[in-house]
Amino acid sequence: MKIRRIEDKCTKCMLCVKDCVSVVWKDINGIPEIVAPDDCNSCSHCLAVCPHGAIEHDGLDQAQIQKIDPDFIDSEVYETIARGRRSVRQYKDKNIPNELIEKVISLVNHSPTASNSQNVGYLVISDKKILRNISNAIFGFARKIFYLTKKFPGNLIYKIIKIFPASDIITRYLEPMQYYIDETKKGRDFILHNAPVLILVHAPKNGNFSNENCNISAGNIMNYAYSLGLGTCYIGFLNLSLKYSKKLRNLVKLPGGRMIYACIIIGYPAYKHANTASRKKPVMKWV
Ligand SMILES: Cc1cc2nc3c(=O)[nH]c(=O)nc-3n(C[C@H](O)[C@H](O)[C@H](O)COP(=O)(O)O)c2cc1C
């Protein structure tokens, strides 16, 4: 890794030394010196913190490192986005231009990753046939379970399961299943909600912090998409199904050695939520 301190621009403020947790930089007799360039994980903190543009780094795209305008940071705008974003389950029959999806992904690519691994990938599916096949596979499975609960011995097992309070995770979906089936026959999609695009966020299978990296990115996708007038919904049913079904993983053409940790549908909302959400009070304790 080639890192260079530009002598005549450097004021020796030591911010590069303070901000580098990889100990690539050290204060040697009042001079910030690059002592371990091979330990650099390309987090770009030294370049971002340097107020004088006194650092060059050949492993980074310096064009991406732009001055931040503090006047542009508006907490009220952020609050409106965070409070206003809702899960969208009704979409316009309208495609999203590829450039807009790319814009979302290139922005959320700024999300933090553990040890700056930057190991998150995005599978973008807009092929209607694949989307329909995914929905049909998951809904078909749920429908099968529902029919099993209608006859012996499934009905008996379901009766017993219902005694346990934790069963509400199952009953919540099985109780209204006949309605879901009837509506599905009319064209409604209760799995991917007929969204035009599905983004599957993936990372190395069983990698350290793969799940965390993907889900931080997923949160950013949802908020940023909302700011662009798009709607999203996290599809946990698909997370689960992909975990257990190789057939589904093949269907979405997941690259080898990777696992999908977050699934998000995205599209133009059929209508907008006029008001913000109500939430339980946060469980919070000062220690
Ligand atoms: C991990 C996770 C899994 C979810 N899975 C689904 C899902 O499979 N289908 C769905 O329609 N919504 C799903 N949702 C959306 C939640 O139901 C939704 O976020 C919650 O009800 C709060 O509503 P809001 O997103 O509109 O604020 C999921 C959300 C999260 C965070």
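Observations on the structure shown:
- Condition check for R249: modelled with pLDDT of 95 or more, within 15 Å of the ligand (Cβ to nearest atom) and among the basic types (K, R): no
- Failed item, numbered, when I181 is tested on (1) within 14 Å of the ligand (Cβ to nearest atom); (2) in the same structural domain as S135 (by TED's automatic domain parsing): (1)
- Residue count for the range 160-176, restricted to those that are in a loop (DSSP other than H, G, I, E, B) and over 23 Å from F190 (Cβ atoms): 2
- Residue match in the range 67-83 (condition: under 22 Å from K272 (Cβ atoms) and in contact with a helix residue (DSSP H, G or I) (Cβ under 7 Å, 6 or more places away or on another chain)): yes
- In the condition set (1) surrounded by fewer than 17 Cβ atoms within 10 Å (Cβ to Cβ); (2) in a loop (DSSP other than H, G, I, E, B); (3) of a type outside the set (D, E); (4) within 16 Å of the ligand (Cβ to nearest atom), R83 is compliant with all but (2).
- Every residue from the range 220-241 that is within 12 Å of the ligand (Cβ to nearest atom) and free of Cβ contacts under 8 Å to residues at least 60 places away in the same chain: I235, G236, N239, L240
- Near pairs, Cβ below 7 angstrom, 6+ apart or cross-chain, from the range 72-101 (closer than 16 Å to L192 by Cα) to any residue that is among the β-branched types (V, I, T) and surrounded by 14 or more Cβ atoms within 10 Å (Cβ to Cβ): V88/T232; I96/V197; I96/I266
- From the options H45, H52, residue that is more than 16 Å from the ligand (Cβ to nearest atom), at pLDDT 95 or above and surrounded by 13 or more Cβ atoms within 10 Å (Cβ to Cβ): H45
Matching residues to (1) assigned to a loop (DSSP other than H, G, I, E, B); (2) surrounded by fewer than 16 Cβ atoms within 10 Å (Cβ to Cβ):
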{"position": "N119", "(1), (2)": "yes, no"}
{"position": "I130", "(1), (2)": "no, yes"}
{"position": "S135", "(1), (2)": "no, no"}
{"position": "Y158", "(1), (2)": "no, no"}
{"position": "F190", "(1), (2)": "yes, no"}
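- Filter result for I265 (within 16 Å of the ligand (Cβ to nearest atom), closer than 21 Å to I105 by Cα and hydrophobic (A, V, I, L, M, F, W, C)): yes
The values are calculated or read from the model by the stated rules, or taken from the named source; none is laboratory data. Computed from a predicted structure; not experimentally measured. FYI the Cβ positions are ideal-geometry reconstructions off the backbone, even for glycines, and counts take in every protein chain you see.
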